[in-house]
Amino acid sequence: MLFDFKLVETTHSKILTFETINPHIKKVEYAVRGELAIRAEEIKEEIAKNGPGKFGFETVVNCNIGNPQQLFQRSITFFRQVACLTEYPDLLLPENRNNVNTLFPLDAIERAQLLLKQIGSVGAYSHSQGIPYIRRNVAKFIEERDGYPSNPDNIFLTQGASVGVQSVLQLIIAHSNVGIMIPIPQYPLYSATLSLFDAKPVPYYLDEDENWSLDITQLTSSLATARDKGLDVRALVIINPGNPTGQCLTEQNMREIIDFCHQQHLVLLADEVYQTNIYQPAERPFHSFKKGMIGECGRRGGYYECTGIDKQVIDQLYKIASIGLCPNVSGQIMVDLMVRPPKRGDKSHPLYQKEINRIYESLRRRSLKLSSVFNSMEGVSCKDAQGSMYLFPRINLPPKAIKVAREVGKQPDEFYCLAMLNATGVCVVPGSGFHQEDGTWHFRSTFLPPEELFDGFCQRLEKFHKEFLAKYRD
Ligand SMILES: Cc1ncc(COP(=O)(O)O)c(C=O)c1O
């Protein structure tokens, strides 16, 4: 619903002050949208108001967040055609059909009609767990992908993977001594949600020298240390392909992880939002359409599947979902399109396939280009992205830069990234926002800037890096 809601205080001594609000919220850190992103917005506003004059660059490039359409990635035509017809069903009335038939392919029209028959209106609340028809389609998609039965009653459609992760963690975290195993480096959704619900992160480290791989002995020792401290460790988070690290697990490794969870009595949370962004080798339960080649981040949609979870527990997840009434219906439609794109033989299939391939190949080229640029910079080393949308280069910062950073109260990688933003307009996220091994410094950058601007973008970074080193070299 579109709402108007007010937060009002009338008492003299305020109930809500920074000191009195929920302390767990104050502990939350979310670097992807942190200080760098705020500064980037300020620069954008200044350029819009006064022109680029004082900056020496004309645009801010947001490489701090995997948001493909913000950086001009085109949407998938079939998806937008169906979205358009479901949003404005009057287009499907007989008096409009002649025009519509010339603008939209028949399979898009038929899909919109089918969805509207199931949904009614896009403007109506739906089932809190998600539209049953779409959940059945998700279950079929999973069955075909994995070769195992999937039950639509165990699938929740959500407003993106983030909401799914938050609901599940909220359910698992029964008290403040609960520990949740998370990778380091990690995507800050996890550390932020653990802070919010007052649980304890149990870090396990990915091995940068081995392409950010996950070693089971790391999991075992990290779990043992946490349990020795008395933590009630209940779940293991895996991000595959990785964010921020871009690595992909081997099948053997995935099997070991499942065995590990089974033996150690842990719930496995498998975050696979980048499951279609796999570049090495070039092949193709949280899944959301913001990622992949679809890139519709702003629409907020996705699903999670529960496997081996008791019905009584799923009922409680349903209760959490019902507090939010329902995921937005336009997002649910996108999930349907994600799991049932045009098939071979459909009118829209050739264009769909062409668009997907174009985006995929371009992402792969850009990832390789950017990692080679990073690797050519003095004191920087960067693993190629096997998947996802990110590179996580390691930077060897000169002691003088580290000293100056400390003097101004910043983490050294944050200091470097701020200098990069101010000098180039390129906004990345410091490695400290994802946590990293002590004494190492990194930053995360997407490789999403459009290909036609890529060379200029890389040159800006190279020039900045040289000047930064020259300034802080001892
Ligand atoms: C690993 C990972 N999980 C979850 C999310 C959240 O995705 P969504 O936009 O579907 O909430 C992201 C977004 O960047 C991500 O990188």
How many residues does the range 393-435 contain that are over 19 Å from residue 466 (Cα atoms) and surrounded by 24 or more Cβ atoms within 10 Å (Cβ to Cβ)? 4
Mind listing whichever residues of the range 433-454 are within 22 Å of residue 386 (Cα to Cα) and part of a helix (DSSP H, G or I)? 433, 451, 454
Going by what's in this entry, would residue 85 be described as modelled with pLDDT of 95 or more, open to solvent by 20 Å² or more (accessible area, probe 1.4 Å) and either farther than 30 Å from residue 392 by Cα or under 28 Å from the mean Cα position of the chain (by Cα) (or both)? no
Positions within the range 78-136 being of a type in the set (Ser, Thr, Tyr) and in contact with a helix residue (DSSP H, G or I) (Cβ under 6 Å, 6 or more places away or on another chain), in sequence order: 86, 126, 128, 133
Members of the range 381-403 found to be within 16 Å of the ligand (Cβ to nearest atom) and part of a loop (DSSP other than H, G, I, E, B), listed by number: 385, 386, 388, 389, 392
Within the range 10-32, how many residues are at pLDDT below 85 and assigned by TED's automatic domain parsing to the domain that holds residue 433? 4
For the range 88-111 the number of residues that are open to solvent by 100 Å² or more (accessible area, probe 1.4 Å) and either of a type in the set (D, E, K, R) or under 32 Å from the mean Cα position of the chain (by Cα) (or both) is 2
Specify the residue that is surrounded by the most Cβ atoms within 10 Å (Cβ to Cβ); the eligible residues are those in the range 38-70 that are of a type in the set (A, V, I, L, M) and under 14 Å from residue 422 (Cβ atoms). 61
Say we look at the range 16-35 and pick out the residues that are within 16 Å of the ligand (Cβ to nearest atom) and under 16 Å from residue 427 (Cβ atoms); which of these is most open to solvent (accessible area, probe 1.4 Å)? 33
Going by the structure shown, is residue 7 surrounded by fewer than 10 Cβ atoms within 10 Å (Cβ to Cβ), at pLDDT below 90 and over 30 Å from residue 447 (Cα atoms)? yes
Assess whether residue 222 counts as being touching a Pro at 6+ places or on another chain (Cβ under 7 Å), of a type outside the set (Lys, Arg), surrounded by 17 or more Cβ atoms within 10 Å (Cβ to Cβ) and under 17 Å from residue 263 (Cα atoms). yes
Output the helices (runs of 4 or more DSSP H) that fall wholly within the range 147-228 and possess 1 or more residues being closer than 25 Å to residue 65 by Cβ, more than 16 Å from the ligand (Cβ to nearest atom) and of a type outside the set (A, V, I, L, M), or say none. 188-196
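Filter the range 334-359 down to the residues that are farther than 20 Å from residue 144 by Cβ and assigned to a helix (DSSP H, G or I), then identify the one that is nearest to the chain's Cα centre (by Cα).
Filtering first and then ranking leaves 359.
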Residue 157: in contact with a strand residue (DSSP E or B) (Cβ under 6 Å, 6 or more places away or on another chain) and open to solvent by less than 30 Å² (accessible area, probe 1.4 Å), yes or no? yes
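Residue by residue, here is whether (1) surrounded by fewer than 20 Cβ atoms within 10 Å (Cβ to Cβ); (2) among the charged types (D, E, K, R) holds:
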residue	(1), (2)
149	yes, no
168	no, no
173	no, no
178	no, no
189	no, no
200	yes, yes
205	yes, no
For the range 166-224, name all the residues that are of a type in the set (Phe, Trp, Tyr) and farther than 25 Å from residue 445 by Cα. 197
Complete set of residues in the range 404-421 that are out of contact with any helix residue (DSSP H, G or I) (no Cβ under 8 Å at 6 or more places or on another chain) and either closer than 21 Å to residue 245 by Cα or not in a loop (DSSP other than H, G, I, E, B) (or both): 407
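The values are calculated or read from the model by the stated rules, or taken from the named source; none is laboratory data. Bear in mind that the values here come from a model prediction, so they are computed numbers and not experimental data. No Cβ is skipped: glycine too gets one built from the backbone with ideal geometry, and neighbour counts run over all protein chains shown. The area values use the complete protein model at the heavy-atom level, side chains included, leaving out ligands, DNA and RNA. Shrake-Rupley method; radii C 1.70, N 1.55, O 1.52, S 1.80 Å.
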